[in-house]
1. Output yes when any residue across region 95-112 is aromatic (Phe, Trp, Tyr), touching a helix residue (DSSP H, G or I) at 6+ places or on another chain (Cβ under 6 Å) and on the phi < 0 side of the Ramachandran plot, and no when none is.
2. Sort out which residues of region 124-139 are among the charged types (D, E, K, R), crowded, with 24+ Cβ neighbours inside 10 Å and touching a Pro at 6+ places or on another chain (Cβ under 7 Å), and write them in order of number.
3. For region 219-231, enumerate the residues that are surrounded by fewer than 17 Cβ atoms within 10 Å (Cβ to Cβ), more than 17 Å from the chain's Cα centre (by Cα) and on the phi < 0 side of the Ramachandran plot.
4. Looking only at region 109-135, which residues are hydrophobic (A, V, I, L, M, F, W, C) and under 14 Å from Trp240 (Cα atoms)?
5. Could you check how many residues of region 222-254 are part of a loop (DSSP other than H, G, I, E, B), of a type outside the set (Lys, Arg) and within 25 Å of Thr56 (Cα to Cα)?
6. So which of Ile263, Ile286 is open to solvent by less than 30 Å² (accessible area, probe 1.4 Å), in a strand (DSSP E or B), closer than 27 Å to Thr189 by Cα and of a type in the set (A, V, I, L, M)?
7. I'd like the full set of residues that are touching a residue at least 40 places away in the same chain (Cβ under 8 Å), part of a loop (DSSP other than H, G, I, E, B) and within 16 Å of Ile286 (Cα to Cα), limited to region 67-106.
8. Of all residues in region 232-255, count the ones that are open to solvent by 20 Å² or more (accessible area, probe 1.4 Å) and touching a Pro at 6+ places or on another chain (Cβ under 8 Å).
Amino acid sequence: MTTITDLYPTRGATEVLTPRQDPVVWSAPGTSGPLTADELGGYDRDGFLAIDQLITPEEVALYRAELDRLITDPAVRADERSVIEPKSQDVRSVFEVHRISEVFAGLVRDPRVVGRARQILGSDVYVHQSRVNVKPGFGASGFYWHSDFETWHAEDGLPRMRTVSVSIALTENYATNGGLMIMPGSHRTFLGCAGETPADNYKQSLRMQQAGTPSPHALTELADRHGIRLFTGKAGSATWFDCNCMHGSGDNITPYPRSNVFIVFNSVENTAVEPFAAPARRPEFIGARDFTPVR
């Protein structure tokens with residue numbers, strides 16, 4: 001049995017800072033694709049790339065209608081892939097949407113989407129996770145500061161930082177309705193969090209993350225060093241961001257929902273192994289074990 005070295009220790013007795021051991025952009029310079037050299041350079045430097053219009057208004061309407069269909073379907077609401085807001089009882093997220101909806105499966109295969117993922121990661125890709133985040137108005141809770149890779153490494157077994165996420169806005173993302181915040185450049189340092197992973201941690205973390213949460217001291221140091229960028233944009237805009245970016249979002253107490261479709265692409269050369277810091281794998285609708293490339 002081959003032993004895989006853990007390059008990014010986490011969930012131990014204390015927090016640990018580890019310099020990034022992996023590239024940010026994995027494709028060779030000059031590789032053709034939707035992204036320009038300048039865009040790739042900015043992504044490499046900051047850990048993210050904002051695009052004013054990835055999909056058209058007509059496409060936004062199509063995906064909004066499909067989102068509305070999903071969150072009002074009693075069978076979807078009752079499925080374990082749906083996460084419900086504890087206070088309002090509204091649907092907060094629906095996972096694995098590319099498998100339960102052919103409409104969203106088409107978005108995953110769209111060359112404007114998967115083409116950028118392949119170019120950043122330098123290989124064929126598969127979907128590690130997909131979901132729609134509804135974030136309804138009047139009290140939808142936010143997502144506390146975290147690095148996705150910390151969780152995907154600890155609980156899903158992704159060995160390397162060769163994963164990219166895209167958040168596509170299906171409603172306008174205002175500065176006031178719980179928008180995405182990222183610390184530019186934070187993707188260059190891995191913050192290994194303190195504390196063991198409880199059994200079935202995903203049942204709690206999908207509603208309110210506790211395990212894998214950075215300390216206020218560490219977050220203050222990172223924010224002082226990197227600053228914080230808040231992302232706003234019209235429906236149809238998108239934000240691509242590296243798996244190790246420190247990011248989060250606030251509560252939405254406005255009347256205006258913030259609905260986004262969120263797709264995580266992982267390299268087929270970085271497939272998941274056993275979790276590095278958890279007692280068992282998370283369910284496949286959260287961390288895929290089907291590594292079939294997107295075609």
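The values are calculated or read from the model by the stated rules, or taken from the named source; none is laboratory data. Since we're looking at a predicted model, the values are computed, not measured. Positions of Cβ are generated from backbone atoms using ideal geometry, with glycine treated the same way; all protein chains shown enter the neighbour counts. SASA here: full protein model, heavy atoms, side chains in, ligands and nucleic acids out. Shrake-Rupley method; radii C 1.70, N 1.55, O 1.52, S 1.80 Å.
1. Pass one, region 95-112, residues aromatic (Phe, Trp, Tyr): 95, 104.
Within this subset, residues satisfying the condition of being touching a helix residue (DSSP H, G or I) at 6+ places or on another chain (Cβ under 6 Å) are 104.
When the remaining residues are screened for being on the phi < 0 side of the Ramachandran plot, the result is 104.
Checked against the condition, which is being aromatic (Phe, Trp, Tyr), touching a helix residue (DSSP H, G or I) at 6+ places or on another chain (Cβ under 6 Å) and on the phi < 0 side of the Ramachandran plot, region 95-112 yields at least one hit.
2. First, pick out the residues of region 124-139 that are among the charged types (D, E, K, R): 124, 131, 135.
After this cut, where a residue has to be crowded, with 24+ Cβ neighbours inside 10 Å as well, the list is 131, 135.
Within region 124-139, just Lys135 meets the criteria.
3. Selection gives Thr220, Glu221, Ala223, Asp224, Arg225, Ile228.
4. Filtering region 109-135 down to residues hydrophobic (A, V, I, L, M, F, W, C) leaves 113-114, 117, 120-121, 125, 127, 132, 134.
Within region 109-135, Val113, Val114, Ala117, Ile120, Leu121 meet the criteria.
5. Filtering region 222-254 down to residues part of a loop (DSSP other than H, G, I, E, B) leaves 227-228, 231-232, 234-237, 243-245, 250-251, 253-254.
Filter once more, keeping what is of a type outside the set (Lys, Arg): 227-228, 231-232, 235-237, 243-245, 250-251, 253-254.
Still in the list and also within 25 Å of Thr56 (Cα to Cα): 231-232, 235-237.
Total satisfying the criteria: 5.
6. Numbers: Ile286 fails: in a strand (DSSP E or B).
Ile263 is the lone residue from the list that is open to solvent by less than 30 Å² (accessible area, probe 1.4 Å), in a strand (DSSP E or B), closer than 27 Å to Thr189 by Cα and of a type in the set (A, V, I, L, M).
7. Glu80, Arg81, Glu96
8. Total meeting the criteria: 1.
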